[in-house]
Amino acid sequence: MPPGGHGGRIGRGFLTEEEKANQPKVTPELLKRVFSYLMPYSRQLALVLACILASSVFSLMPAILTGKIIDEGLLRRDMRALVTYIVLSLAVTLASSLIGVGEAYINTWIAQHITRDMRNEMYGHLQQMSQRFFTTNNQGDIITRMTSDIDGVQQIITNTFRSILSNSITLVVAMVAMFQKNWILALIGIVVVPLFTIPTRRAGKTRWTLTREAQECNDEINGILNETLSVSGQLLVKLFGMEETERTRYEKANERMVVLNIRERMAGRWFFMILSTFTSVGPMLIYLAGGLLMIRYGHDLTVGDITVMVTLLGRMYMPVNSLMNIQVDWIRSMALFTRIFEYFDMPVEISDAKDASVPDTIGGEVVFDHVDFGYDPEKQILKDVCFSLESGNSIAIVGPSGSGKSTIINLIPRLYDVGAGTVFFDGLDVRKWKLSDLRKHIGVVSQETYLFNGTIRENLLYAKPDATEAEMIEACKKANIYEFVEKQEAGLDTMVGNRGLKLSGGEKQRISIARVLLKDPALFIFDEATSALDSISESKIQEAIDPIIQSRTSILIAHRLSTILAADEILVVKDGCVVERGKHRDLVKAGGVYTELYETQFQKKEEQTLEDLHIKQLPTGVGTEEEEGAV
Ligand code: ADP
């Protein structure tokens, strides 16, 4: 259901087939939950209720005062009484409007605060959701839930709930006032009002159905036009000699449209006819019955009383009509709440263990102990992965694309949980760590670098909010990006996002290396870019990464021989299994998967790099495009 379901005029009071099929189950739990969002604002809600009550009573007062104006002013020819009641009547109308303004303010205030609470809760919940959630759900859906759906709640509070309250109160007040005057006329009123609303409802429904049919027919006509009047469509029509058939098809649809449009227009006319007839039948009945009582049965009803009854009756149509539509709004509202709550109820897949602890020493040591894993439980990706990385050492993971290298890495900061086996970080099962602690000690530079739309400084501070200028410069130098930053007019305050300077892939990558260096984690993880970068950029990144690999605990997914050689050990992964591990020299000799990769990929890439470097560094002395920060 689109949240616009609350807004569209025609059909607002009717459910579509789809909505009918997916009606929410309104359980006491659901209602309790909805009301739990209202409870913090119970005082303001009480005030709104009081305002609605006062405003309804005041808005009906002029109708009641009409009786006095007629009986005591006009009929008795008493000018003073006449003016007094007129002034009083105007005053209460004004009061009612003023209260209405106040009520609208409080109501909007409550709605805004409730939606704020829900948004904050939803955002907080989404932040806790696992990576799996974000990779399996459509980003558009997630954002719709955060924006339109919660806006829908605001509508429910300012429109639906308010409408139920104010219409019910107006109706009750009007009925009480009528019964006080005369119960017979009041009863007539109660019978007449629904009689009026039933036919208008039916007429409305007919009109709604016709409008929808006309819309469908219109779509069909547009379809025909698009199909047959396009260049290729026309060619097809001509080559198959279908001109006549297409013309008949178009004419038929056109004919149907004519009929539908006429019917819809006429349904509109009938609608207004019924509306005007019934609105005048009601008062006439009251006049007739009132007249009968007064003239035939000598009842002490006055002319003013009868006029009051007629006016009050007129005031009842609107609330009754609205309340009849309310059921639909109510169902839609509950459906909306149900959908929002479904999101709230999605379990947090990866959360802190209750007995979370922190090891005494943190050195970045990683152990995979017989790890199995699949994104989808049906499809296993990693099979019995075992390896260990000692503190201070580095491992290069190599393997064909899709073999599970990134997947292995994802398990260390617990973006996903293992299916079987255990991943240990510094001797402690990653599931036993406090998530924030675990992730604090792991720094990842992924292939697809993500920088927030802001300045370089802001992006760096994301890793360490209290970093000093000197620390940032130091990190940039180590990441081989400082030269670039210095060249920019704004230096560290250069915008990286779409409003500022666009950075090249290599620059972004190096800023993200600087970011990780500032974070200063115990374990560095690099997912080496495969193809996006040119060789010059690659070598600059290489220069930045090499010292880290040599001095810090690190894991890298490597595609180039130079990076692979920088690591202490090589892990060869194929089809989710670790098939070989060791030093380059031994692995090349072994004649297995690694040898094959070496011959088909690494060697070629290395030759290419050397070639590129050679050509690009010819004596022109001009900086490369990348160095000048273009693109
Ligand atoms: P590599 O890094 O070696 O190229 P990956 O670890 O990215 O390989 O992928 C291993 C396998 O897991 C591939 O078959 C890939 O399609 C699958 N895969 C990767 N990420 C996801 C995901 N988020 N959801 C489902 N399957 C995935």
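The values are calculated or read from the model by the stated rules, or taken from the named source; none is laboratory data. It should be emphasised that the depicted structure is a prediction, and the values quoted were computed from it without experimental measurement. Glycine gets a Cβ as well: all are built from the backbone with ideal geometry, and neighbour counts include every protein chain shown. Heads up: the accessible areas ignore ligands, DNA and RNA and are worked out on the full protein's heavy atoms, side chains in. Shrake-Rupley method; radii C 1.70, N 1.55, O 1.52, S 1.80 Å.
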Segment 349-375 - residue that is within 16 Å of the ligand (Cβ to nearest atom) and in a loop (DSSP other than H, G, I, E, B) and, of those, farthest from the chain's Cα centre (by Cα): Gly374
Any hit, segment 424-432, residues being touching a residue at least 40 places away in the same chain (Cβ under 8 Å), under 35 Å from the mean Cα position of the chain (by Cα) and under 26 Å from Ile381 (Cβ atoms): yes
Close pairs from segment 296-314: first outside any loop (DSSP other than H, G, I, E, B), partner of a type in the set (S, T, N, Q) and modelled with pLDDT of 90 or more, Cβ under 8 Å, at least 6 apart: Gly304/Thr66; Thr307/Thr66; Val308/Thr66; Thr311/Thr66
Segment 376-400, residues that are in a loop (DSSP other than H, G, I, E, B), within 15 Å of the ligand (Cβ to nearest atom), touching a residue at least 24 places away in the same chain (Cβ under 8 Å) and surrounded by fewer than 22 Cβ atoms within 10 Å (Cβ to Cβ): Pro377, Gln380, Ile381, Pro400
Top-ranked residue in segment 439-453 [being over 30 Å from Phe424 (Cβ atoms) and touching a helix residue (DSSP H, G or I) at 6+ places or on another chain (Cβ under 9 Å); ranked as surrounded by the most Cβ atoms within 10 Å (Cβ to Cβ)]: Leu451
Hits in segment 529-558 - residues which are under 26 Å from Leu382 (Cα atoms) and touching a Lys or Arg at 6+ places or on another chain (Cβ under 7 Å): Ile557
Top-ranked residue of segment 570-594 - restricted to ones that are touching a Leu at 6+ places or on another chain (Cβ under 7 Å) and away from the ligand (no atom under 13 Å from the Cβ), ranked as nearest to Ile549 (Cα to Cα): Ile570
Condition check for Ile64: aliphatic (A, V, I, L, M), open to solvent by less than 80 Å² (accessible area, probe 1.4 Å), touching a residue at least 12 places away in the same chain (Cβ under 8 Å) and farther than 28 Å from Thr338 by Cβ: yes
Residue pairs meeting the criteria (Cβ under 6 Å; at least 6 apart or on separate chains; first of a type outside the set (D, E, K, R), in segment 588-614; second modelled with pLDDT of 80 or more and open to solvent by 80 Å² or more (accessible area, probe 1.4 Å)): Val593/Lys574
Hits in segment 127-182 - residues which are surrounded by 15 or more Cβ atoms within 10 Å (Cβ to Cβ), within 16 Å of the ligand (Cβ to nearest atom) and outside any helix (DSSP H, G or I): Met129, Ser130, Asn137
